[in-house]
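Contents: one structure, followed by commentary.
Please treat every number below as a calculation from the coordinates, not as lab data. Please read these numbers as outputs of a predicted model, since none were measured by experiment. Here the Cβ positions follow ideal geometry from the backbone for every residue, glycine too, while neighbour counts run over all protein chains shown.
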Amino acid sequence: MISQIIELSTTRHNPHVDPSMAMWEWQIPVYLFLGGMVAGMMIISGYFLFSGRHKESNCACFSIPFTSVVLLSAGMFALFLDLSHKLYVWRLYTTFQLKSPMSWGAWILILVYPALIANILIRPSQWMIKLIPNLSTISQKISKHHILIRNIGILNMLFGMMLGAYTGVLLSTMVSRPLWNSALLWVLFLVSGLSAAAAYVHLVAKNKAESELLAKADNGFLVIELFTFVMLFLGLLNSSKTHIDAVYLLIDGPFAPTFWVFVIMLGIVIPLIIQLLAVSHKIKHTPIAPIMVIMGGLILRFIIVSAGQYSHWFNAHLK
Amino acid sequence: MPRYGMVIDTHKCVGCNDCVVACKTENNIPEGYNRDWIVTESHGKYPAVHLEIRTERCNHCSNTPCVSCCPTGASHIHDFGGVVLVDHEMCIGCKACVESCPYDARFIHPDGYADKCTFCIHRVEQGMKPACVEVCPTYCMHFGDLDDPNSEVSQLLNSRKWHVNLPDAGTEPNIFYLT
């Protein structure tokens, strides 16, 4: 029996475009991960300020804003490295393009820094006060106004949510890459960012009650992340043939081994089991589970960016 | 105001690459990069096998994801003829437009900016045809105003069967292939 012939050949061989799109390399997933994690850290820190937990002397909300600034700056540096016309980067801030998620992102980043700095100023570290003695006076003034602290908390939660959501919207608006065409992608990235942030705070928190609280919260985030994956896959599986082919790249295609082993099992399921046992006091808390969650979040961004670029309308067109 | 488009007769295209060479020469395209290219598509079941040879490039779509996603406004629709262009001095090389094109028609020029077919707007504004259309030895390529019912392209589209590439992507391409 002679089978149906479907072949397409092209003389085009543009670098990083053919044979499959690989324009965005390591810089973008690293940025998306760090941006998402910082978003989660801002929401957690903002919630602590809002709920009055900052009254406890060793509250993590005083240490994580500075870490957030460092991580976000590292992420933005990765983003800068990705630009191929670097000297023109300032052009981002000479305009606002309403329909461009990247333009929204550029301006959100401008809003995020003052919110983080305001959080740092509530109680700056000793080394900061040694460096700039005036910080102590500013901190004392802010501490007298509880409403102001609450508002800084609200601002951090709000901008954190915007930052976390935008990293997903950036990809999901691209009609050309079927795997990204889901309105749930921003939910996945936001929850994954919250989960990585909760894991980080669980890892570094000096306050035991806080560490325990974050471990419990992380379990919740991991369950929501699994649920979001199911919903995202269901949505794509019930869409066009192009989208079904795209999601099969993760289910049983070339990206499946990495996805199932590193993102689902080692990044979500196993740390979730470990942390469930830890919060029910059957085993001790160890850094293993939080580290697995953080690594899983990073690999998730790499998988989604790589598989998304690989997914294509032409591939489906030929099938 | 015209709305420029291209009509390509796949019954006449022999895939000679003259259009590719003309584009590279006219627009000084670096070695290893292409603004236009030849695609050969075969499908069917022997003996009813169908072969289509066509020359492809940016489709200068009416619904432009590459323009929408651009954070600086470098990717834009030109006032003259609705041609999709990139302002090299405004492009930061973020590659969002390259990613957003379902036809993969864009690339990053070695000088750092996003690059693609311009319909040779510098020639068209002087009343000439795009270089690829000018050199085609089989006269399979036609360029003109899609909004003018008397233009050659409009009349071909009214009288012949045609298709566009990836219509399901919803970009409303302005390059049409006669079949």
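To the nearest 10 degrees, how steeply does helix A:101-122 sit against the main Cα axis of chain A, on a 0 to 90 scale?
20 degrees
Compute the Cα gyration tensor for the range A:160-222, then decide on rounded, prolate or oblate, letting a ≥ b ≥ c be the square roots of its eigenvalues: rounded whenever a/c is under 1.5, prolate when a/b is larger than b/c in the other cases, and oblate in all that remain.
prolate
Quick one: how many lysine pairs in chain B have C-alpha atoms under 26 angstrom apart, if they're 8 or more apart or on different chains?
Lysine pairs meeting both conditions in chain B amount to 12.
On a 0 to 90° scale, report how tilted helix B:18-27 is relative to the longest principal axis of chain B, with both axes built from alpha carbons and the result rounded to the nearest 10.
Helix B:18-27 sits roughly 20 degrees off the main axis of chain B.
Pulled fully out, how much extra length does the chain show between A:Y113 and A:S20, if you take 0.36 nm times their separation in residues and subtract their Cα-Cα distance?
29.8 nm
For q = 0.13, 0.18, 0.25 Å⁻¹, what log10 I(q)/I(0) does the range A:215-319 give under the Debye formula with an equal point scatterer on each alpha carbon and no solvent?
Debye output, listed in q order: -0.53, -0.85, -1.31.
Relative contact order for chain A using alpha-carbon pairs under 8 Å, separation at least 6, rounded to a whole percent?
Relative contact order for chain A comes out at 23 percent.
Enter the angle in degrees (range 0 to 90, nearest 10) between the Cα long axis of helix A:64-82 and the first principal axis of the Cα atoms of chain A, meaning the one along which they spread out most.
Orientation of helix A:64-82: about 30 degrees from the principal axis.
What are the radius of gyration and Dmax of the protein assembly as shown, computed over its Cα atoms and given in Å?
Answer for the protein assembly as shown, Rg first and Dmax second: 26.6, 87 Å.
List the lysines whose alpha-carbon lies under 22 Å from that of A:K216, not counting same-chain residues fewer than 8 positions away?
Counting by Cα, and skipping residues close in sequence, A:K216 has these lysines nearby: A:K55, A:K206, A:K208, A:K282, A:K284.
Go ahead and run the numbers for FRET between A:M128 and A:I273, Cβ-Cβ distance against an R0 of 41 Å, rounding to 0.05.
Rounded to the nearest 0.05, the efficiency is 0.55.
Per 10 Å bin, what percent of the C-alpha pairs of the range B:4-178 does each bin hold, from zero upward?
10, 37, 38, 13, 2, 0
Pairs of alpha-carbon atoms within less than 8 angstrom and 6+ residues apart define the contacts here; what relative contact order does the range B:4-178 have, in percent?
31 percent
Which net charge results for the neighbourhood of A:L79, defined as the other residues with beta-carbon distances under 15 angstrom from its beta-carbon, given Lys and Arg at +1 and Asp and Glu at -1?
That sum, taken over residues with Cβ under 15 Å, equals +1.
Can you give the net charge of the other residues whose Cβ lies under 15 Å from the Cβ of A:L214, counting K and R as +1 and D and E as -1?
0
State the cysteines of chain B left without a partner when partners are defined as other cysteines whose beta carbon lies under 4.7 Å away.
B:C16, B:C23, B:C61, B:C69, B:C70, B:C91, B:C94, B:C101, B:C120, B:C136
Looking only at other chains, what is the average number of their beta-carbon atoms within 10 angstrom of each beta-carbon in B:26-35?
Per residue, the number of nearby Cβ atoms from other chains is 2 on average.
For q = 0.21 Å⁻¹, what log10 I(q)/I(0) does the range B:133-179 give under the Debye formula with an equal point scatterer on each alpha carbon and no solvent?
The Debye formula, applied to the Cα set alone, gives -0.81.
At what distance in nm do the modelled label points of A:S239 and A:R150 sit from each other, each positioned 7 Å from its Cα along Cα→Cβ?
4.2 nm
So between A:Y93 and A:S280, what do we pick up on full extension, going 0.36 nm a residue minus the alpha carbon distance?
Values: separation 187, 0.36 × 187 = 67.32 nm, distance 4.97 nm.
So the extension gain works out to 62.3 nm.
Take A:I291 and A:K206, extend 7 Å from each Cα along the Cα→Cβ direction, and tell me the distance between the two endpoints in nm.
Each label point is offset 7 Å from its Cα along the Cβ direction, giving 2.3 nm.
Near B:H60, within a Cβ-to-Cβ distance under 11 Å, what is the net charge of the other residues, with Lys and Arg +1 and Asp and Glu -1? It would help to have the intermediate numbers written out before the result.
Working: positive: B:R3, B:R57, B:K116; negative: B:E172.
Charge balance near B:H60 sits at +2.
How big is the antiparallel share of DSSP beta bridges in the protein assembly as shown, given as a percent to the nearest 5?
The antiparallel proportion sits near 85 percent.
Could you work out, residue by residue across B:74-81, how many beta carbons of other chains sit within 10 Å of that residue's beta carbon, and then give the average as an integer? Intermediate results must be reported in sequence, preceding the final value.
Working: counts 5, 2, 0, 0, 0, 0, 0, 0.
Counting other chains' Cβ atoms within 10 Å and averaging over B:74-81 gives 1.
Given the peptides A:243-253, A:59-69, A:213-223, arrange them by the average over their residues of other C-beta atoms within 10 Å, most packed first.
Order by mean packing, descending: A:59-69, A:213-223, A:243-253.
Can you list residues from other chains, or at least 5 along the same chain, whose modelled amide H is less than 5 Å from the amide H of B:S75?
Residues meeting the criterion, in which the H sits 1.01 Å from N, are B:D87.
Return the lysines within reach of A:K130: Cα separation strictly under 20 angstrom, same-chain partners fewer than 8 residues apart disregarded; answer none if there are no such residues.
Straight-distance partners of A:K130: A:K141.
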